[in-house]
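Readers should treat all values here as calculations from the given coordinates under stated rules, not as data from a laboratory. Everything quoted here is computed from the prediction, not taken from an experiment. Please note: Cβ atoms are built from the backbone with ideal geometry, for glycine as well, and neighbour counts cover all protein chains shown.
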């Protein structure tokens with residue numbers, strides 16, 4: 001490849017529409033969030049997996065799906081195979097489960113944090129390349145697994161450092177029982193998609209579309225009254241009971257939701273969860289609980305974490321029944337929200353704790369010795385490597401949000417000492433030993 | 001997309017040739033290595049960046065390079081743009097530097113750990129999708145930056161837990177001075193590539209190809225004697241001095257290498273570095289120091305970490321001069337090597353420290369309470385969520401390499417106690433309080 005990178009003329013450095021670079025100021029907090037989530041998911045016994053970015057188009061879209069879907073990046077590879085970039089982490093996971101089921105011990109809890117690609121038109125917080133943080137429990141269909149996903153969703157947000165958020169929960173099975181009671185279950189897919197647009201297109205437009213779908217404005221009204229909570233403060237269980245009656249006293253799903261709520265209360269986290277029957281999720285593979293997550297301070301920003309129970313996701317690839325429940329945090333949208341909120345979570349972009357400034361390149365071996373000693377204590381230490389004036393070095397330390405600088409004169413070097421400067425407070429600690437410097441650095 | 005994932009008939013779950021899934025048994029150690037490297041790179045003041053997986057083909061390959069390169073995954077997107085999957089992290093970094101130079105404070109130290117794609121034929125330890133761990137210092141051309149990359153390479157291997165490795169160092173500038181002295185500098189690219197194949201095709205074949213390139217078997221012999229060390233134990237500085245003479249007493253590069261070696265000695269890590277003039281690296285963008293890394297116990301496995309100094313990499317995109325030095329760990333090849341060596345580094349695949357077994361689902365709220373309390377101390381705790389016989393649960397814990405199990409009878413639950421079992425030693429600790437259990441768990 002090297003010959004091709006030789007310049008004939010300058011090529012404009014640019015990225016594709018909907019794609020972007022992450023400079024350190026955003027990549028540092030992004031990585032910090034991912035690392036916190038990974039540690040947190042592991043603390044629940046979830047394990048990581050990885051799947052290829054590129055798959056057979058047929059595997060991702062089903063037979064005959066490849067030609068038509070404009071949202072997918074797909075092409076013929078050099079071996080004439082029809083291939084596509086994954087558009088989510090759920091479909092590859094379903095394929096993975098079917099392919100490796102004999103190697104996995106069920107129930108299987110996995111997480112997968114990585115990029116996916118869709119050709120949709122970029123808008124605020126939406127990109128053609130974006131990162132999803134998926135976590136799922138497969139091989140069991142009960143309230144305990146549903147609860148554990150909700151519990152881990154909740155603690156994930158605290159672990160990231162987000163305080164004001166709300167999980168809006170509904171139950172697809174209960175909604176379908178209601179539609180069945182109403183005699184319109186055969187229209188469920190269209191009804192679900194229409195209801196899913198409520199926040200976008202408003203109540204009136206949803207009503208008119210539902211009337212068209214059900215050919216009955218009365219039924220449209222009944223659906224609207226099912227998905228609408230008159231009283232914002234109606235309790236979780238009151239809403240559940242009201243909906244259960246509307247759904248013809250459906251028992252199985254009602255019981256499931258009561259049990260989940262009991263576990264949420266036992267864990268002391270029920271205040272973060274509301275029953276919101278307008279949540280349906282557009283995707284038709286959901287069969288049970290469904291949920292979306294909203295940041296209290298940005299209610300119109302859309303959901304930053306969504307998912308639900310699906311009981312036959314892998315059926316495209318296997319006859320084995322593999323019930324699952326899972327959730328996905330949209331990391332790019334979450335980052336965009338945190339930026340908009342000017343959250344301190346996206347403001348910690350320091351590249352090092354200490355910068356060792358370069359006042360005389362012939363002392364570099366001494367600088368390196370200090371750096372290695374400090375790193376052993378867990379500090380991040382950056383030696384300034386260029387031969388520039390001190391003013392430029394201070395400016396560089398400031399640009400990198402580094403709090404402490406170390407400088408060493410030849411006299412200090414001879415005595416194995418150096419000067420520590422707090423670049424924020426401008427405090428100066430001359431002629432310190434390593435131990436003395438550490439005691440200052442570690443108390444801050 | 002949802003309609004398309006509906007099954008008409010079963011689709012064979014499979015991945016593309018040269019691509020692969022990572023099951024937890026390999027993804028857990030892969031992630032552990034990445035996490036250690038990220039923390040380690042950060043301790044040197046290196047910062048992470050991210051770039052798109054997909055770029056304009058012209059940006060990655062230069063003008064007119066798109067049609068011919070069979071190794072590249074490239075295609076026309078839905079907007080008729082010529083796009084390609086990146087084939088390394090170096091070219092996108094060069095584009096990134098040119099595009100964002102006004103936003104970056106030089107010297108700039110970045111790392112980038114992510115996947116790249118090449119359509120080459122898969123072989124042992126080589127895949128079409130693989131992960132590179134790149135780290136570079138840009139904006140400075142001196143021995144100190146060269147040394148810092150070598151120093152961080154060395155400590156990276158210790159941090160991963162690998163003990164027996166050797167860095168083979170050479171200097172492209174010195175080699176070019178030698179070729180110039182020999183009057184064949186205009187053939188340098190072909191000569192470099194031929195020498196680079198030494199380990200693959202052997203000395204005799206290299207000699208015959210060099211004779212053809214230089215049209216002189218005498219010159220071929222001289223090149224061979226330059227790249228060959230008669231005495232395996234020849235010291236770094238002795239080799240350097242010998243080569244310096246062959247290169248016509250070249251001074252600048254010799255001085256640079258002496259300084260680098262002085263720093264390596266000062267850091268006490270010089271024993272890991274040998275001067276090996278047969279290392280040339282195939283890529284022609286290198287201008288100074290170059291290196292490859294070999295595992296002592298797998299000398300024929302190829303280099304697991306390579307790089308060098310390049311002084312005009314970004315010249316395709318900018319007229320600004322941006323000298324750099326960097327290195328890249330080939331993570332998939334390293335993982336394959338560690339597997340072959342049966343290293344303990346790739347054997348730690350436990351999904352949790354403690355499994356809470358499910359003897360009675362009506363006690364789930366109690367199990368969850370224990371789990372939350374244990375997680376607060378940093379333990380990874382997995383509640384068994386299915387309603388299965390205990391024998392199946394023990395089997396599952398074994399498959400997940402979990403050492404401890406917790407079981408709670410109704411009597412124990414009433415007293416807020418439980419039984420702890422060491423699944424390895426079969427030791428049993430009945431009727432413990434949480435504090436008693438923690439003291440056992442934490443001393444192991």
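Things worth noting here:
- Peptide B:317-327 - average C-beta neighbours from other chains (10 Å radius): 1
- Long-range tail of P(r) for segment B:63-183 (Cα pairs > 19 Å, %): 67 percent
- DSSP bridge pairs, segment B:287-444: antiparallel proportion in percent, nearest 5: 70 percent
- Projecting label points 7 angstrom from Cα along Cα→Cβ for residue B:265 and residue B:349 puts them 4.7 nm apart.
- Two-decimal Rg/Rh across segment B:204-354, once Rg and the Kirkwood Rh are taken from alpha-carbon atoms: 1.04
- Packing-based order for A:34-47, B:130-143, using average beta carbon neighbours within 10 Å, highest first: B:130-143, A:34-47
- For residue B:434, inter-copy separations between label points set 7 Å beyond Cα along the Cβ vector come to 4.2 nm, shortest first.
- Where the alpha-carbon atoms of chain A are placed on the principal axes, they occupy 90, 56, 47 Å, in descending order.
- Considering the rotation that superimposes chain A on chain B, the residue of A whose beta-carbon lies nearest the axis, and that distance in Å, is A:75, 2.
- Label-zone membership for segment B:215-236, site residue B:208, 7 angstrom Cα→C-beta point, backbone N under 15 Å: B:217
- Mean-position separation - Cα centroids, segment B:370-444 and segment B:194-231, in angstrom: 64 Å
- FRET efficiency for the pair residue B:439 and residue B:411, taken as 1/(1 + (r/R0)^6) with r the Cβ-Cβ distance and R0 = 30 Å, rounds to 0.85.
- Viscosity 0.692 mPa s, temperature 37 °C, Stokes-Einstein D of segment A:165-292 from Kirkwood C-alpha radius, µm²/s: 223 µm²/s
- Kirkwood-based shape ratio for segment B:354-442, expressed as Rg/Rh from alpha carbons: 0.91
- Peptide ranges B:186-195, A:144-153 listed from the most packed, as the mean C-beta count within 10 angstrom indicates: A:144-153, B:186-195
- The relative contact order of chain B comes to 15 percent, based on Cα pairs under 8 Å that sit 6 or more residues apart.
- Peptides ranked, highest mean first, by Cβ atoms within 10 Å: ranges A:207-217, A:251-261: A:251-261, A:207-217
- Neighbouring Cβ atoms from other chains, within 10 Å of the Cβ of residues in A:260-270, number 2 on average.
- Antiparallel bridge percentage (DSSP; both residues within segment A:354-442; nearest 5): 55 percent
- Most simply put, chain A has about 80% antiparallel DSSP beta bridges, counting only bridges with both residues inside it.
- Segment B:193-241, Cα convex hull volume normalised per residue, Å³: 85 Å³
- Segment B:354-442 - percent relative contact order, Cα under 8 Å, separation 6 or more: 27 percent
- Cα centroid separation, segment A:266-340 to segment A:119-143: 9 Å.
- Volume of the Cα convex hull of segment B:10-71, divided per residue and given in Å³: 172 Å³
- Kirkwood Rh in Å, taken over segment A:265-387 so that all alpha-carbon pairs contribute: 19.7 Å
- The fraction of all Cα pairs in the protein assembly as shown landing in successive 10 Å bins from 0 to the largest distance is 2, 11, 19, 22, 19, 14, 8, 3, 1, 0, given as whole percents.
- Counting only other chain Cβ atoms within 10 Å of each residue's Cβ, the peptide B:274-283 averages 1.
- Per-copy distances of the residue B:392 label point, shortest first, in nm (7 angstrom along Cα→Cβ): 6.9
- Ellipsoid fit via the Cα gyration tensor, segment B:45-120: semi-axes of 25, 14, 10 Å, each the root of five times an eigenvalue, largest first.
- Projected label distance in nm at residue A:100 and residue B:399, using a 7 Å step from Cα toward the beta-carbon: 1.3 nm
- Shortest-first nm distances, residue A:189 label point to equivalent points in other copies (7 Å, Cα→Cβ): 5.5
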